[in-house]
Amino acid sequence: MRVRDFAPLVLLCIALTGCADRGIRQPDTGTMPEAAPVTAPGASPGPTVNPSAVAAEMPFYRCMEEHGLTLAYRDSGIPRVVEENGPRFAAAQEACLPLRPSRSPVQAAARDLTAARAASECMRAEGIGWYPDPDPVTGEVDQAAGGTPEQWSALKKDHMDAMVKCMPRP
């Protein structure tokens with residue numbers, strides 16, 4: 001067989017690939033596609049998707065569509081905007097952001113909270129008295145809770161030794 005005998009087969013494969021579903025949602029039908037979780041054998045499942053949280057965000061995503069943006073759905077069923085860097089994105093986000101529900105803070109694990117508190121105490125013991133305690137729920141340090149913007153900007157430059165000593169490493 002010669003190469004040209006395979007040309008129709010190659011063209012057929014290319015044409016069929018172009019018809020494949022790429023996860024981009026067609027015009028709004030008001031329903032979300034069903035997505036079954038897929039887990040590799042022996043692997044632990046990923047984070048659980050809260051259907052009511054996704055449903056609460058749908059007005060935001062419908063608004064983004066109404067402003068000319070395209071949505072795609074992740075394997076988990078959660079929508080995302082495809083053109084986040086496109087020219088219409090900023091205007092659409094400004095118009096639709098009031099429709100997006102605020103997210104609840106995620107509770108940090110007890111060991112992570114303990115490590116964050118210890119890091120804050122260590123930083124203060126190393127002479128950085130303005131360093132704040134972490135948030136008791138998330139374990140994150142809020143820069144507004146202590147220090148000036150200038151102190152935060154200079155933290156890595158002026159206190160690298162304290163940061164290396166005190167900050168937990170992954």
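The values are calculated or read from the model by the stated rules, or taken from the named source; none is laboratory data. No experiment lies behind these values; they were computed from the predicted model shown. Cβ atoms come from the backbone with ideal geometry, glycine included; neighbour counts cover every protein chain shown.
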Item to check | All positions within the range 140-161 that are among the hydrophobic types (A, V, I, L, M, F, W, C) and assigned to a helix (DSSP H, G or I) | outcome: Ala144, Ala145, Trp152, Ala154, Leu155, Met160
Checklist entry - So how many residues does the range 63-95 have that are at pLDDT 90 or above and under 26 Å from Val106 (Cβ atoms)? => result 2
Next on the checklist: Can you find a residue that is aliphatic (A, V, I, L, M), farther than 30 Å from Tyr61 by Cβ, in contact (Cβ under 8 Å) with a residue 40 or more places away in the chain and surrounded by 15 or more Cβ atoms within 10 Å (Cβ to Cβ) anywhere in the range 120-133?
Outcome noted: yes
Checklist entry - In this structure, is Ala95 of a type in the set (A, V, I, L, M), surrounded by 11 or more Cβ atoms within 10 Å (Cβ to Cβ) and part of a helix (DSSP H, G or I)? => result yes
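Going by the structure shown, is Ser102 at pLDDT below 70, out of contact with any Asp or Glu (no Cβ under 6 Å at 6 or more places or on another chain) and exposed (fewer than 14 other Cβ atoms within 10 Å of the Cβ)? Even if it seems obvious, please write down each step before you answer.
Numbers: at pLDDT below 70: no; out of contact with any Asp or Glu (no Cβ under 6 Å at 6 or more places or on another chain): yes; exposed (fewer than 14 other Cβ atoms within 10 Å of the Cβ): yes.
No: the conditions fail for Ser102.
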